[in-house]
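Here the structure is laid out as structure tokens; the discussion comes afterwards.
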Amino acid sequence: MENWSVDQVCNWLRQRNLGELVPKFREEEVNGAALLALNDRMVQQLVKKIGHQAVLMDLINKYQQQKSGLESLTHCCETAQKFPEMLNSSCPVEQEKRLCLAENEELIDHRVLKQKKNLKSFCARYKTLQWTSSYALPDFPYDVKCILAEKKCPDHSMRIRIIEFLQADMTKYLEGSLYPNSQQYNIVVNALLQAYPFLDEDGKGFLLWKRALKDRFKYVRRPIEDDEQVLRNKCKFGHRRGQTRRSSFAENKPDDVQLQEEPIPLEGNAMDVHIKWLKQEYMKTQRNWKEVDNRMNVTIEIRRKMIRNKAPLKDILRLFPFLKCPYQLFREFQLLTQMDIYKKTVEILEIYSENILSLYVVRNNPINIMLQENLKRHTEEDILKYMKMTAACLLLPDVFGDDSSLFAAVNEEVKVVTPVLEVKNPFNVNSCEFALYVQREELAQLDDCTMALAALVAAFHVFDIPCPKRIHRTLNFLESLVFEVRSPASLPTQVKRGLEAPEYPSI
């Protein structure tokens, strides 16, 4: 590659489905030597799309790794050819060297084993390169071809079909494996967008299609428990350790969640001791969180029984005050559902924020207007991202036509008894405040919009509170994403395209 001309580099780009980059590379006269000398900054100047940047840098890195592996292999072969000659020599000096080599036999064996290990790794990388360089899009069904030929953006059901065919085709190329690597996802999505540029959707298509494809593989893997290859991969990549779904949670849950499968029932004085200790520990500033977790595990049955029997919330919080802490609220939710509510909420807001803010239905909303005014005052990316996620969180009820007063009270007093958020100065980084209220009483102070949204969803489940009809569609949508099930069919027409697009592999 170092000796390639500009034309050879351009042909190489076309073979890798990067034909869009050819004019720019010709203009900048990028030959083989220049191609291998590209760094991240140069690639960003040459290539506009992030997906193309990632694929190009990955191909260059793979080539350099392959070249390095070949050089190491050549050196190993040359050493092996010279070694017998040294042993067969009758010269005294050579015999002395031979004795030296015999004394260091262990060291030589160790080096040979290391070379073999490097060679094995190189072969695996080379096999991957062969797969990606020879990949071509599958032959889509007739109805899909018609839609794509008309250069129309496919609807929800058509997107599902495209993703299903891509996933099946990738599985064939991967010889049945259901664990593609990141480079292979990039190659497939890039090939799709190269063949059908209108699917790029204003430059956001690459990430959406890649995430959809990854979710489709996760969906296919989920119900498979006894396939030998899948079990090996699950063990390799840390998914359920090759066990069934029920028993695997105890192995894969975070270290801070250690729930016994069958808690020992406690009665009388034993239960009173635990409850008394929890109340005393809650009053301390320095708490023993590990012991708190253990005692919350032991007392979960009595706590769930009280909630099922509709005991007053004040009584439950009086006996178990740690449920006022966001950490314990999320932990209780995870013990009940085996889902990390906070992690899921972060993913939801990161994926859907831009889509929500671009919807016509919220364009003239006071929250959105307030957001636009505050965005002009800041340039830091982290602050801008935080503001957009906050606005998207607060706009969710308006997107689904629900009653926003049952979701969040922004700069006003809380007036409802069901779980609701109190938000003050949402776009002021220094003075914004979030709190969760239940039965008009403050339950917990929260750090940001992500924690607030997670606490709101968790409160309905942990305290077994019925969801009000006027906020039902918003919470139903959130729960469908948290539990990775199909989103509700009653989505408003104007938001289907904006919000359902990233979800379709889960169907």
Phi angles of the range 343-356, converted by Karplus (6.51 cos²θ - 1.76 cosθ + 1.60, θ = phi - 60°) into ³J(HN,Hα) in whole Hz with x for Gly and Pro, give 4, 5, 5, 4, 4, 4, 5, 5, 7, 9, 4, 4, 4, 5
Among GluC sites (Glu not before Pro) in the range 1-47, those in a DSSP loop whose Cβ has at most 15 other Cβ atoms within 10 Å are Glu2, Glu28, Glu29
With +1 on the Cβ of every Lys and Arg and -1 on the Cβ of every Asp and Glu, the dipole magnitude of the range 142-221 about its Cα centre, in debye rounded to the nearest 20, is 220
Set Lys284/Lys424; Lys276/Lys314; Lys314/Lys415; Lys343/Lys469, cut-off 25 Å on Cα-Cα distance; pairs above it are Lys284/Lys424; Lys343/Lys469
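Going by average Cβ density within 10 Å per residue, which order do the peptides 168-177, 428-437 take, highest to lowest?
Numbers: 168-177: 14.4, 428-437: 15.9.
Per-residue mean Cβ counts within 10 Å order the peptides as 428-437, 168-177.
Quick note: the coordinates plus some simple rules give every number you see, no bench work behind them. Just so you know, these numbers come straight off a predicted model, no measurement behind them. Counting neighbours? That spans all protein chains shown, and the Cβs are built from the backbone with ideal geometry, glycine included.
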